[in-house]
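Inspection log for the structure reproduced underneath, given as structure tokens.
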Amino acid sequence: MPRPASTSPTNPAAVVAPDGEVPVPPGATRFDFELEVAAIIGRDGRDLTPEQARDHIAGYTIFNDWSARDLQTRERPLPVGPSKSKDTATTLGPWLVTPDELEPFRRNDRLDLRTRVWLDDQELGGDQTGNMAWSFEEMIAYAARGTVVRRGDVLASGTCGQGCLAERWASGLNEPGPLRPGSIVRLEVDGIGLLENQIVAGATLVPLPPARKAVRT
């Protein structure tokens, strides 16, 4: 099983299959999807140039980086980065498409794939991966700087434009609201396929006490 690693680390023990059920994180009230494309590393490499990095890509797939936005808001002031907001689920699939199959979509140094997203029967919009700030090869070269990217690692693009509900909420659109049990999310990327998951109820929140005040001696 590939190890997900997008702009925020995700939980390799919480990978959900295509068509699998995605639980709402315990206590979350603003659950969201994130439409991304991911590159899968096919062989180990270190201190790569972008040109070398291209030869280390085994293929590409759709990546849904599910996010609990209310938990994320609480975590952002902390210096450790998001954790529980990304911990419940990550979905990959439905296919691993090899780089040569996607060459017809290449525009200079970018793969220019059309992305689209639906919530239930409502199409919410989409983007082109050619709009990425950095190419996949540049991101892999950065990830390999001073360390090793390993076979099976997954590096995601970051959320495509119009690829999450939070973008709509930030612009003042309150509809559709957060994901709830029964919601169906469909992500489509040209040349790769269609990834669909249904939201289900998650585990009951286990309450924890507030942090203790520091005891100074």
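Any read-out appearing in this document is the output of simple, stated calculations on the displayed coordinates, not a laboratory observation. Computed from a prediction, not measured in an experiment: that's the story for all the values here. As a convention, Cβ positions derive from the backbone with ideal geometry for all residues, glycine included, and neighbour counts pool all protein chains shown.
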Quiz item: Between Ala13 and Asp120, what length comes free when the chain is fully extended (0.36 nm per residue of separation minus the Cα-Cα distance, one decimal in nm)?
Solution: 35.8 nm
Quiz prompt | GNM flexibility winner over the chain from Ala144, Ala203, Ala28 (Cα, springs under 10 Å) | solution = Ala203
Exercise. Can you pull the one-decimal nm distance between simple spin-label points at Leu208 and Asp112, each 7 Å off the Cα toward Cβ?
Key: 4.7
Self-check item: Expected 222 nm ellipticity per residue - DSSP helices of 4 or more, -39500 (n - 2.57), all of the chain, to 500
Solution: -3000 deg cm²/dmol
Self-check item: Choice from Asp47, Asp127, Asp32 showing the highest fluctuation, given a GNM over the chain with Cα pairs closer than 10 Å
Solution: Asp47
Quiz item: What is the dipole size for the chain, taken about its Cα centre, with +1 at each Lys and Arg Cβ and -1 at each Asp and Glu Cβ, in debye to the nearest 20?
Solution: 1260
Quiz prompt | Cα shape, the chain, gyration tensor, a/c 1.5 rule | solution = oblate
Quiz prompt | Fraction of beta bridges assigned by DSSP in the stretch 3-200 that are antiparallel (%, nearest 5) | solution = 85
Quiz item: GNM, the chain, Cα, under 10 Å: largest mean-square fluctuation among Arg151, Arg74, Arg180?
Solution: Arg74
Quiz item: Toward the positive end of the charge dipole of the chain, about the Cα centre and with charges on Cβ (Lys, Arg +1; Asp, Glu -1), which of Thr147, Gly59, Leu119 goes farthest?
Solution: Thr147
